[in-house]
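The values are calculated or read from the model by the stated rules, or taken from the named source; none is laboratory data. Please read all numbers here as calculations on a predicted model, not as lab measurements. All Cβ positions, glycine included, derive from the backbone under ideal geometry; neighbour counts span all protein chains shown. Each accessible area value is taken on the protein alone, full model and side chains, heavy atoms only, with ligands, DNA and RNA left out. Shrake-Rupley method; radii C 1.70, N 1.55, O 1.52, S 1.80 Å.
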Amino acid sequence: MKIWRWILVGLVCTAFVLRIGAVELGRRQPTERISGSAGDVLEDDPVGRLKVFVYELPSKYNKKILQKDSRCLTHMFAAEIFMHRFLLSSPVRTLNPEEADWFYTPVYTTCDLTPNGLPLPFKSPRMMRSAIQLISSNWPYWNRTEGADHFFVVPHDFGACFHYQEAKAIERGILPLLQRATLVQTFGQRNHVCLKEGSITVPPYAPPQKMQTHLIPEKTPRSIFVYFRGLFYDVGNDPEGGYYARGARAAVWENFKDNPLFDISTEHPTTYYEDMQRAVFCLCPLGWAPWSPRLVEAVIFGCIPVIIADDIVLPFADAIPWEEIGVFVDEKDVPNLDTILTSIPPEVILRKQRLLANPSMKQAMLFPQPAQPGDAFHQVLNGLARKLPHDRSIYLKPGEKILNWTAGPVGDLKPW
């Protein structure tokens, strides 16, 4: 009886693909410009709208760390390194701090890696505190606002909470010395202690050149309905199960591991990028944090992202119409994922693909070397420019202090 059930499901899948094929679903879709203000924002040029002063720190805060481990250039947290490099040669950079709108402190807090290449966040708070102590002692600009006109790139799992497990990140909270600064971070979740108001949520780093080399011919049909590669359980860090990904990934596996509509596995094949270009939908579920590089990869390869992460705040949400290009599924509704996706009309799928084919959409998700107009670097600057002019209230009165330099866990207060 079970085999006949899956034969029926297979026939439904074939009929669905043929129905879409009847309206010419494939990789070669015409592009569609994003309508309204979002499209205008995406194409903004930040040059001439702001000036940024880059602090020159001792190399132990950035370059020497990178020299010890070049893997930091390729992992998904590398935006902090490339943002620094970009700003050094950007036309928005000013060498005169008196005319600066924003101040940037280049600290590579994610470049302390395990043998497996995962960043250890435990030294990050002390490193960041040390850098802030340095700039507040050597320059007068931090002390004028206690960081309210400064921005920091903090691409950890939970941003400036500096921990990869949510419960511990929440317990820690955002580093107290960063409470007034603008944080540029990959983590974004509404009503969460690790996302402060005014933060700029950015995409994680995905290697542009590597993805470019894996592009397949435009006319290749999308013969995979749903695609995912990654962990469903994290036995090492969550042996009892249920905590990792809030159980959403486990639900995907348990409900759809035998479903022919779903091409899902823990194996990461050499054809991973090519497979995404053959898929209609790419699952982007939360893991330890709500974000992952799959979101970037899906957009680049024109695979409709299926976002499974309740209350997620997505990158550059004022410029990218995520509701129009993606599909949002509540974590509790994962068992109904097959019904949800097969119920989407072909014309809706086609429009999402046309929007995803827009080059400006793809460009905004990347940190290319060298930088290109409209890329993620420029979207960050656009976000900073839209916060100008600063309100006069950010400037402190003589002798006024707001931040508590002794707040936070005892371990964070030790010298770095």
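Each of Ile216 and Val410 was given a label point 7 Å from its Cα along the Cα-to-Cβ line. The distance between the two points is 5.7 nm. Taking a ≥ b ≥ c as the square roots of the eigenvalues of the Cα gyration tensor, region 110-209 is classed as prolate, since a/c reaches at least 1.5 and a/b is larger than b/c. Please compare each pair in Lys51/Lys387; Lys63/Lys210; Lys219/Lys352 to a cut-off of 20 Å on the Cα-Cα distance and tell me which ones are over it. Exceeds cut-off: Lys63/Lys210.
Counting only protein heavy atoms and a probe of 1.4 Å, the accessible surface of the chain is 54% carbon and sulfur. Convex hull volume of the Cα atoms of region 271-416, normalised per residue: 220 Å³. Residues Lys168, Lys362, Lys68, Lys352, ordered by accessible area of protein heavy atoms at a 1.4 angstrom probe radius and largest first, appear as Lys68, Lys168, Lys362, Lys352.
Accessible area per residue for region 367-416 is 60 Å², calculated with a 1.4 Å probe on protein heavy atoms, without ligands, DNA or RNA.
Cα-based values for the chain, radius of gyration first and Dmax second, are 22.5, 80 Å. Say each of Thr94 and Phe122 gets a label point 7 Å from the Cα, pointing the same way as Cα to Cβ; how far apart are those two points in nm? Once both label points are built, they end up 4.3 nm from each other.
By definition, a body whose alpha carbon gyration tensor gives a ≥ b ≥ c is oblate when a/c is 1.5 or more and a/b is not larger than b/c, and region 38-83 fits this oblate description. Taking all protein chains into account, the per residue accessible area for region 197-314 stands at 39 Å² (1.4 Å probe).
Inter-label distance, Lys168 to Tyr395: 4.3 nm, where each label sits 7 Å from its Cα along the C-beta direction. Going by accessible surface with a 1.4 Å probe and the largest first, Asp391, Asp263, Asp330 read Asp391, Asp330, Asp263.
Rounded to the nearest 10 square angstrom, Arg386 shows an accessible area of 90 square angstrom against a 1.4 Å probe.
The alpha carbon gyration tensor of region 238-319 gives principal lengths a ≥ b ≥ c with a/c of 1.5 or higher and a/b no greater than b/c, which makes the shape oblate.
About its Cα centre, the chain has a charge dipole of approximately 740 debye under the convention of +1 per Lys or Arg Cβ and -1 per Asp or Glu Cβ, with nothing else charged. Per-residue accessible area (protein heavy atoms, 1.4 Å probe) orders Trp253, Trp288, Trp142 as Trp253, Trp288, Trp142, starting from the largest.
Per residue, the accessible area of region 47-158 comes to 40 Å² when a 1.4 Å probe rolls over the protein heavy atoms.
Excluding the site residues themselves, the longest part of the chain lacking any GluC sites (Glu not before Pro) in a DSSP loop with at most 12 other Cβ atoms within 10 Å is 57-196. Think of the chain as a dipole: +1 on every Lys or Arg Cβ, -1 on every Asp or Glu Cβ, centred on the Cα centre; then among Cys303, Met76, Asn116, Asn116 lies furthest on the positive end. Rolling a 1.4 Å probe over the protein chains gives Ser70 an accessible area of about 80 Å².
For region 238-352, the Cβ-based charge dipole about the Cα centre amounts to some 180 debye (Lys, Arg positive; Asp, Glu negative; other atoms uncharged).
If a spin label sat at a point 7 angstrom from the Cα of Asn191 along the line to its beta carbon, the backbone N atoms of region 308-326 nearer than 14 Å would be those of 310-313. Farthest toward the positive end of the dipole of the chain, out of Ala376, Leu66, Pro204, is the Cα of Leu66, where the dipole comes from beta carbon charges about the Cα centre.
Calculate the tail of P(r) for region 177-254: the fraction of all Cα-Cα distances greater than 19 Å, expressed in %. For region 177-254, the share of Cα pairs beyond 19 Å comes to 66 percent. Separation of region 298-365 from region 224-282 is 17 Å, based on Cα centroids.
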